[in-house]
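Data block below; observations after.
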Amino acid sequence: MDQTLHFILVLIALCSVSECVQRQYYFINVLKTWTQAQRFCRETYTDLATVDSMNDMNELKKSVNDGGVEYVWIGLQKTGLDKWQWSSGEPALYLNWATGQPEGRDDCGMMWNGKWEDLSCSDNRHSICNNNKLIVIEENLTWSKALRYCRQNHMDLVSVHSEEIQRRVMNVVKRSSTAAVWLGLRHSCTVGIWFWVNGETVCYQNWAPGNGTEEEDCENTVRSGAVQAGKDQLWISLPETDELNFICSRY
């Protein structure tokens, strides 16, 4: 079998292997109102706890159990009639309300016995913070220099292998000072494919129209992937010599 075809078939097979990235949660053993807890989490970590999946939920419950309490603030806040979002601004797509909740009288969310309830924001409760594992570096570097910076100071340029990670990228990329921000996405002219520098395959994709799905110009410079800071935060293909902000992963 042709080596290039064999390599591509191997990549397709690897796409069936799911991976999970979990947040780091921290129990705060001090009674605070929801707003005070939000302020503390933003100053000390990243924000009040965001929960996007059952995996996040399991980690959250472990943090609460380690703290030995039942009632804790999480980052849920009411934004309208029956509308809830996270303190980070992300939509609350995954929900774990207790039976009969939310009652609709209050505007802040807490967790009790593994389920969520609405509560008056002025109540004093313990809380759970989460640490965002992505960070935007507001320094303009070429893709190769950005990769070196992330590996020397954090872990790697970010790999976006799921819709969940894309939402986190969309949240942090708003802090950038360039129109696009480097990802850990690289094009190989040898086999004509895109790949993540941490070794993950490009199964989940979020390309802007006309980017990433057509044959790349390999004559002038290597192409690398970036995410738009505005619009819909879609991925675009750029020459690796462009100088942009970039996102490092810390997990």
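The values are calculated or read from the model by the stated rules, or taken from the named source; none is laboratory data. The structure presented is a predicted model; accordingly, all values stated were derived computationally and were not measured. Neighbour counts are summed over all protein chains in view; Cβ atoms, including those assigned to glycine, are modelled from backbone coordinates with ideal geometry.
The rows are residues; the columns are (1) more than 21 Å from Glu164 (Cα to Cα); (2) modelled with pLDDT of 85 or more; (3) in contact with a His (Cβ under 8 Å, 6 or more places away or on another chain).
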{"residue": "Thr4", "(1), (2), (3)": "yes, no, no"}
{"residue": "Phe7", "(1), (2), (3)": "yes, no, no"}
{"residue": "Ser16", "(1), (2), (3)": "no, no, no"}
{"residue": "Glu19", "(1), (2), (3)": "no, no, yes"}
{"residue": "Asn29", "(1), (2), (3)": "yes, yes, yes"}
{"residue": "Thr46", "(1), (2), (3)": "no, no, no"}
{"residue": "Ala49", "(1), (2), (3)": "no, yes, no"}
{"residue": "Leu60", "(1), (2), (3)": "no, yes, no"}
{"residue": "Gly68", "(1), (2), (3)": "yes, no, no"}
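Taken over the range 116-141, the criterion of being surrounded by 18 or more Cβ atoms within 10 Å (Cβ to Cβ) and hydroxyl-bearing (Ser, Thr, Tyr) is satisfied by Ser127 alone.
Specify the residue that is nearest to the chain's Cα centre (by Cα); the eligible residues are those in the range 103-162 that are of a type in the set (Asp, Glu) and within 30 Å of Asn206 (Cβ to Cβ). It would help to see each step written out before you state the result.
At the first step, the residues of the range 103-162 found to be of a type in the set (Asp, Glu) are 103, 106-107, 117-118, 123, 138-139, 156.
Pick out the ones that are also within 30 Å of Asn206 (Cβ to Cβ) and you get 138-139, 156.
Numbers: Glu138: 18, Glu139: 20, Asp156: 14 Å.
Going through the qualifying residues, I end up with Asp156.
In the set (1) surrounded by 18 or more Cβ atoms within 10 Å (Cβ to Cβ); (2) out of contact with any Asp or Glu (no Cβ under 6 Å at 6 or more places or on another chain), the condition left unmet by Cys150 is number (2).
Given the condition assigned to a strand (DSSP E or B) and outside the structural domain of Val172 (by TED's automatic domain parsing), answer yes or no: does some residue in the range 52-69 qualify? Talk me through it step by step, then tell me what you get.
Just the residues of the range 52-69 that are assigned to a strand (DSSP E or B), to begin with: none.
Scanning the range 52-69 turns up no residue that is assigned to a strand (DSSP E or B) and outside the structural domain of Val172 (by TED's automatic domain parsing).
Looking at the range 79-125, the strands (runs of 3 or more DSSP E) lying wholly inside it that each contain 2 or more residues that are over 30 Å from Arg175 (Cβ atoms), free of Cβ contacts under 8 Å to residues at least 60 places away in the same chain and not hydroxyl-bearing (Ser, Thr, Tyr) sit at 115-119. Comparison of Val160, Val181, Val172 shows that the only residue that is β-branched (Val, Ile, Thr), in contact (Cβ under 8 Å) with a residue 24 or more places away in the chain and in a helix (DSSP H, G or I) is Val172. If you go through the range 208-244 and keep only what is within 18 Å of Ser177 (Cα to Cα), in a loop (DSSP other than H, G, I, E, B) and free of Cβ contacts under 8 Å to residues at least 60 places away in the same chain, you end up with Ala229, Gly230, Lys231, Asp232, Leu234.
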